[in-house]
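The values are calculated or read from the model by the stated rules, or taken from the named source; none is laboratory data. Since we're looking at a predicted model, the values are computed, not measured. Backbone-built Cβ (ideal geometry, glycine too); neighbour counts: all protein chains shown. Remember, those area values only see protein heavy atoms, side chains included, never the ligands or the DNA or RNA. Shrake-Rupley method; radii C 1.70, N 1.55, O 1.52, S 1.80 Å.
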Amino acid sequence: MPGWSTLTVRPLVLGPDSVPVIADEKEVARDVPLAVFSAITHGKGPDTAAILVALAAGLKTIDPDSAAVFAQLTESGLVDPQAQKIWRDLMTTTNYFFRHEVAEKVREEGRDEARAEERGQAILRTLDWRGVELSEADRERVRSCGDLDRLAVWLDRSYEVTDAAGLFDGDEV
């Protein structure tokens with residue numbers, strides 16, 4: 001078309017070679033979006049913990065709503081399970097993170113795990129107190145169960161059963 005100039009489009013590709021490692025809180029505060037990309041890009045390597053700690057500290061220097069968005073973006077972008085765990089641990093102490101569905105999911109999973117562990121311990125204590133013997137495999141089955149409904153049934157049964165078969169009666173292995 002007449003009058004149109006040629007437009008050149010150059011994609012911006014972010015990768016370890018084009019994004020700096022930002023592991024300093026002051027540097028994070030200067031450019032939070034770049035620090036988030038640094039965490040995502042370098043979130044699997046020797047500097048991961050330092051990067052995430054600096055980012056978590058840097059997020060406290062900006063407004064809570066923006067920080068929450070960046071926290072959630074970081075959560076979504078981290079692919080390494082260890083990096084995800086570090087980030088979740090850092091974020092569980094930060095109030096603004098709790099307002100987002102990712103944080104709520106993490107918190108609920110943590111509460112369910114704690115409830116499951118408590119129920120499992122209650123079952124084992126009750127059976128021990130009553131003198132009902134369980135094999136180590138049966139004890140591990142109780143300890144490793146994360147199904148709160150099943151644990152509730154086992155807890156109810158633990159007051160009456162005389163052996164492991166009675167505790168697990170009707171359950172699929």
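Results, tabulated for the structure shown:
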{"read-out": "Criterion (touching a Leu at 6+ places or on another chain (Cβ under 8 Å) and either among the β-branched types (Val, Ile, Thr) or modelled with pLDDT of 95 or more (or both)) met by exactly one of VAL142, VAL153", "value": "VAL142"}
{"read-out": "Residue match in the range 16-27 (condition: touching a residue at least 24 places away in the same chain (Cβ under 8 Å), under 24 Å from GLY110 (Cα atoms) and of a type in the set (Asp, Glu))", "value": "no"}
{"read-out": "Wholly within the range 1-89, helices (runs of 4 or more DSSP H) carrying at least 2 residues that are of a type in the set (A, V, I, L, M) and open to solvent by 70 Å² or more (accessible area, probe 1.4 Å)", "value": "64-77"}
